[in-house]
1. Can you give the net charge of the other residues whose Cβ lies under 11 Å from the Cβ of residue A:50, counting K and R as +1 and D and E as -1?
2. Could you work out how much longer the chain between residue A:30 and residue A:2 gets when fully extended? Use 0.36 nm per residue separation minus the Cα distance between them, nm to one decimal.
3. Residues with amide H under 5 Å of residue A:39's amide H, sequence separation 5 or more or different chain, H placed in the peptide plane at 1.01 Å from N; which?
4. If I take R0 = 30 Å and measure r between the Cβ atoms of residue A:20 and residue B:30 in this structure, what FRET efficiency does the formula 1/(1 + (r/R0)^6) give, to the nearest 0.05?
5. Ordered by residue, what ³J(HN,Hα) values in Hz, to whole numbers, does the range B:83-94 give under the Karplus form 6.51 cos²θ - 1.76 cosθ + 1.60, where θ = phi - 60° and Gly and Pro are x?
6. So which of A:105/B:22; A:16/B:40; A:117/B:40; A:16/B:41; A:38/A:105 end up more than 23 Å apart, counting from Cα to Cα?
7. What ratio of Cα Rg to 2.2 N^0.38 Å holds for chain A?
8. Multiply the residue gap between residue B:3 and residue B:63 by 0.36 nm, knock off their C-alpha separation, and tell me the result in nm, one decimal place.
Amino acid sequence: AQKVTQAQTEISVVEKEDVTLDCVYETRDTTYYLFWYKQPPSGELVFLIRRNSFDEQNEISGRYSWNFQKSTSSFNFTITASQVVDSAVYFCALSPPLGSGNTGKLIFGQGTTLQVKP
Amino acid sequence: DTEVTQTPKHLVMGMTNKKSLKCEQHMGHRAMYWYKQKAKKPPELMFVYSYEKLSINESVPSRFSPECPNSSLLNLHLHALQPEDSALYLCASSQGTISLGAYEQYFGPGTRLTVT
């Protein structure tokens, strides 16, 4: 079975603090894709990053960074020096393997609501 | 341009009404999706179209009827809905190949539907 767990339901930080959002996934497949999406109060899901299962390099994009560790089945997301505009719901998602009748279905975690206070 | 547009932004309809939600993308994507999202929950997949053909229906009730007139447009026809169908309906698109799941999906802003 495939599953994504975001254990942190809500996180509240003060502006300029660093914050890490946890994501743990379960899959028996060796090939898969992981994603992070941001959903601000406006409702639109914004794509942040895609990572395939063969690429364990950490990634940094501005204040955002991602740590992918296959050994612990985790794909954590860190925001450095958080800002009020980072307030949103963040979803981690898993995509089943290629060529397996893959329908493009994303398996979402339950989401983490991040509130950044001024 | 990574934009998916959806109309209308808000819709209120009675249980006997017929209405349609519209989605459009101009990224040349060949896969399009409809999701339903309830408050404080992740999106739930409803339908997937790949190369304008319905490739997956996640056991959605027949009161929801999707349509893909061409590669850029996706409609969702609504008829005889129930109050529990009130939700945010999101459209998404992605590059369409055999390996749909390999590509990120780009989402529209959604239509907030209220069924009275």
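1. Taking every other residue near residue A:50 into account, the sum is -2.
2. That works out to 8.9 nm of additional length.
3. Residues meeting the amide H criterion: A:46, A:89, A:90, A:91.
4. 0.25
5. x, 6, 7, 4, 5, 8, 9, 10, 10, 9, 9, 8
6. A:16/B:40; A:16/B:41
7. 1.05
8. Answer, rounded to one decimal: 18.8 nm.
Each reported figure results from applying straightforward, stated rules to the coordinates on display, with no laboratory input. Just so it is clear, the model here is predicted, and its values are computed rather than measured. Quick reminder, even Gly has a Cβ in these numbers, built from the backbone with ideal geometry, and neighbours come from all protein chains shown.
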